[in-house]
């Protein structure tokens, strides 16, 4: 997940009456199809340590199909592209917060993340154009609370940015892959699974997921008012993840009746944190137990069904190779959940490779970097498709 502030929901409605379209302020009367480019802004050389960078605004969709604006970053290698165009590596970032400015990809006003910049630079230096979505609600546009860990909108934000980037730059090929860390690993796996239906015209070649968030929904039924506080930074981080997930679920799945499961304190915390970046979310929930936020367990069928639909990582239906990089001392996404994901992929006959390290969350050791290099070299070994 990851550390990283801001603001409100925009509700839209359109009512046709006597041939006129009434639009509630906040969203234009008509939107272009998902993946349509809105515009690009060139970034100064040295932005995030790279040259030839752009902020990209584009159309994507909520999970209910409503079209909304989103933003991301694009970096293009310098020099002459290969005959089919530059291959694309999409990068999905880890946990950063719930509101505008928190994504940190197209702008770095709120904070910078040099570790992420290193990953983007790595793929740029290998000859990939790199795109990095802010995710829905975390970029330039205030579209309500980020639907944290909603796998479909993570995927659509990524796929639609790839489409928009290719409109902005005709020197980009149809060949692409995706990499993600933590929440980004969750997003990258969803992207790899959904791309077959959402972007069949593109040439997808694989996914790299580092300590992905997975199987967290299976823990929900045992969570209730009886869960004690976890002290220190670890407790604040855990609480921040839970509050963020519940706020995103509340905004997207009214049938889950999230408020009906919350205590008055829990509702207050969701209201206060649904527009903040993650460090500020952690401050708000520091010293509070998960149990203090809840009025009843999260084990009724409507809630379980909604959370499964919202965040479950697919464990079948992948059509290209998967590289899983997993750490045994991960406590942010506990390592038994990593083992469960690998076991489910194996049971379903998916094409995946696992490299296991002994580090903490999202640490990449030399053996992992070697596996990333070989995986990306495989992608580059076949000519790109224009």
- Task: Kindly put 102, 277 in sequence by how many other C-beta atoms sit within 10 Å of each C-beta, fewest to most.
- Result: 277, 102
- Message: Give me 107, 255, 66, 150 sorted ascending by neighbouring Cβ count inside 10 Å, so fewest comes first.
- Response: 255, 66, 107, 150
- Compactness relative to 2.2 N^0.38 Å, alpha carbon Rg of the stretch 229-309: 1.03
- Message: Just to be sure I understand: of the beta bridges DSSP finds with both ends in the chain, what percent are antiparallel, rounded to 5?
- Response: 50 percent
- Using the 10 angstrom Cβ neighbour count as an exposure proxy, how do 93, 361 rank, fewest first? 361, 93
- Query: Between the stretch 49-112 and the stretch 162-230, what's the alpha-carbon centroid distance in Å?
  - Reply: 14 Å
- Message: What's the ranking of 121-131, 363-373 by average number of surrounding C-beta atoms within 10 Å, highest first?
- Response: 121-131, 363-373
- Task: Using every pair of alpha-carbon atoms in the chain, split the distances into 10 Å bins beginning at 0 and state the percent of pairs per bin, rounded to integers.
- Result: 5, 24, 34, 25, 10, 2, 0
- Provide the packing ranking of 38-51, 132-145, 69-82, 299-312, i.e. peptides ordered by the mean count of other C-beta atoms within 10 Å per residue, highest first. 132-145, 69-82, 299-312, 38-51
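Every number in this text was worked out from the coordinates using simple rules, so none of it is lab data. Computed from a prediction, not measured in an experiment: that's the story for all the values here. Positions of Cβ are generated from backbone atoms using ideal geometry, with glycine treated the same way; all protein chains shown enter the neighbour counts.
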